[in-house]
Amino acid sequence: MGETTIENSKILITGGAGFIGSNLADALINDNEIVVVDDLSMGKKKNLPQGANLHFIEHSIADYEFMSTLLEAWKFDYIFLLAAVASVADTIVRPAETHIINQDANLNILETIRIKKLPVKKILFSSSAAVYGNNPELPKKETSPIDPLSPYAVDKFATERFVIDYGRLYDIPTVATRFFNVYGPKQNPKSPYSGVLSLVLESIINGQTFTVFGDGEQTRDFVHVEDVVRALTVLASHSEALHDVYNVGTGVETSLNTVIRLFEEIEHKNLTVSLANARVGDIRESYCDNNKLMSMESWPMLSVKDGLINYVQYTK
Ligand code: UD2
């Protein structure tokens, strides 16, 4: 089946000023009207494209009244649920508070749509590879056992289920996605728990020491945000993507040492590295089977090398 596009639609992106949401807004802004709701806890207003068809609202998705009124007023065609407290460590420190954002706020959106019978073409919820936890099976398939090990992963998995089962029970078109290690333009290296590639890039540009936790031979499925945006638009526009969950990753595993070497080659600089103990609970190897997504619509995803070149160029 060929590529389908989203046009002339009213789109809500929660967390739209964040890393993935703002890249999605860039991709959709020309042909659609977009509302972004973001509390700017991690996102930045300057990430967003400018224009009359981009409506930015600085607000928390946890404000039920506000979100219900917004949904009823706009009657969105597509809803991308990307707002979350994305730091696993933060959810371990504040499990109840972050649950309100990572789960309850999304449930309220589903409830509003169900009760008010709002017409929607697709709701997409962004979940995470975190749901697989320490399950050693590789590559991770959507059918692999799940093992959520943090409040973050529990909320992501439970909300996946709400999204999928609300869809089935109340006939609402829904889909969930499990992102692997996403990197690329606009990723915020502010926290020590930010994506590792944003931290490596910041260190190499500023000549700072980068700390490798463990021996650097741990592997991840690093997927460029451009491919994540494409996956989201593919799943939004294909009607057969329904009441189901999809891995979003390249299907290729790369070690941390390899990406450090690639950054050094691209930048023609050596990164100063210090070694520290592996993080407690760190996963040794992770990559996904992305056949379910690719069988719907396939495209060549960016290799880590090409993706890093793009990321470095953008950031500088
Ligand atoms: C990712 C997600 C996390 C959760 C988890 C589930 C990101 C940013 N995090 O965590 O939200 O979904 O997957 O499995 O996508 N590292 C260093 N030095 C640093 C920072 C990290 O060596 O300064 C290591 C870290 O110990 C790990 C690897 O780099 O082995 C990747 O770390 P990460 O935080 O980018 O991602 P991950 O896979 O631990």
Quick one: which of S198, S203 is at pLDDT 95 or above and over 30 Å from L81 (Cβ atoms)?
S203
Residues in the stretch 158-201 that are in a loop (DSSP other than H, G, I, E, B) and within 16 Å of the ligand (Cβ to nearest atom): how many?
13
Whichever residue in the stretch 82-138 is more than 18 Å from L71 (Cβ to Cβ) and charged (D, E, K, R) and, among such residues, is least open to solvent (accessible area, probe 1.4 Å):
D90
Given (1) surrounded by 14 or more Cβ atoms within 10 Å (Cβ to Cβ); (2) part of a helix (DSSP H, G or I); (3) away from the ligand (no atom under 15 Å from the Cβ), number of the condition G251 does not satisfy
(2)
Residues satisfying the stated conditions in the stretch 157-170, i.e. touching a residue at least 12 places away in the same chain (Cβ under 8 Å), open to solvent by 10 Å² or more (accessible area, probe 1.4 Å) and in contact with a helix residue (DSSP H, G or I) (Cβ under 9 Å, 6 or more places away or on another chain):
F157, A158, F162, Y166, Y170
Which of the residues spanning the stretch 274-300 are buried (at least 16 other Cβ atoms within 10 Å of the Cβ) and either over 30 Å from T233 (Cα atoms) or within 14 Å of the ligand (Cβ to nearest atom) (or both)?
I283, S286, Y287, C288
Considering the stretch 77-116 alone, what residues qualify as being closer than 19 Å to R161 by Cβ, within 16 Å of the ligand (Cβ to nearest atom) and assigned to a helix (DSSP H, G or I)?
T91, P95, T98, H99, I101, N102, Q103
Filtered residues of the stretch 269-293 (kept if within 23 Å of Y132 (Cβ to Cβ), in contact (Cβ under 8 Å) with a residue 12 or more places away in the chain and aliphatic (A, V, I, L, M))
A278, I283, L293
Taking the stretch 23-61 as the region of interest, how many residues are within 17 Å of I6 (Cα to Cα) and exposed (fewer than 15 other Cβ atoms within 10 Å of the Cβ)?
2
Looking at F213, is it within 12 Å of the ligand (Cβ to nearest atom), open to solvent by 20 Å² or more (accessible area, probe 1.4 Å) and in contact with a strand residue (DSSP E or B) (Cβ under 7 Å, 6 or more places away or on another chain)?
yes
So in the stretch 58-76, with the set limited to residues that are free of Cβ contacts under 8 Å to residues at least 24 places away in the same chain and assigned to a loop (DSSP other than H, G, I, E, B), which one is farthest from A231 (Cα to Cα)?
D63
Count of the stretch 139-154 residues which are more than 18 Å from G281 (Cα to Cα) and either in contact (Cβ under 8 Å) with a residue 24 or more places away in the chain or buried (at least 18 other Cβ atoms within 10 Å of the Cβ) (or both):
3
Of the criteria (1) over 15 Å from F222 (Cα atoms); (2) away from the ligand (no atom under 16 Å from the Cβ); (3) in contact (Cβ under 8 Å) with a residue 40 or more places away in the chain; (4) of a type in the set (D, E, K, R), which one K305 fails
(1)
Can you tell me which residue within the stretch 193-206, out of those that are open to solvent by 30 Å² or more (accessible area, probe 1.4 Å) and free of Cβ contacts under 8 Å to residues at least 40 places away in the same chain, is nearest to C288 (Cα to Cα)?
L199
Can you find a residue that is within 23 Å of Q187 (Cβ to Cβ), part of a loop (DSSP other than H, G, I, E, B) and under 18 Å from the mean Cα position of the chain (by Cα) anywhere in the stretch 44-57?
yes
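The values are calculated or read from the model by the stated rules, or taken from the named source; none is laboratory data. Bear in mind that the values here come from a model prediction, so they are computed numbers and not experimental data. Please note: Cβ atoms are built from the backbone with ideal geometry, for glycine as well, and neighbour counts cover all protein chains shown. To get the accessible areas, we keep the full protein, side chains included, count just its heavy atoms, and leave off ligands, DNA and RNA. Shrake-Rupley method; radii C 1.70, N 1.55, O 1.52, S 1.80 Å.
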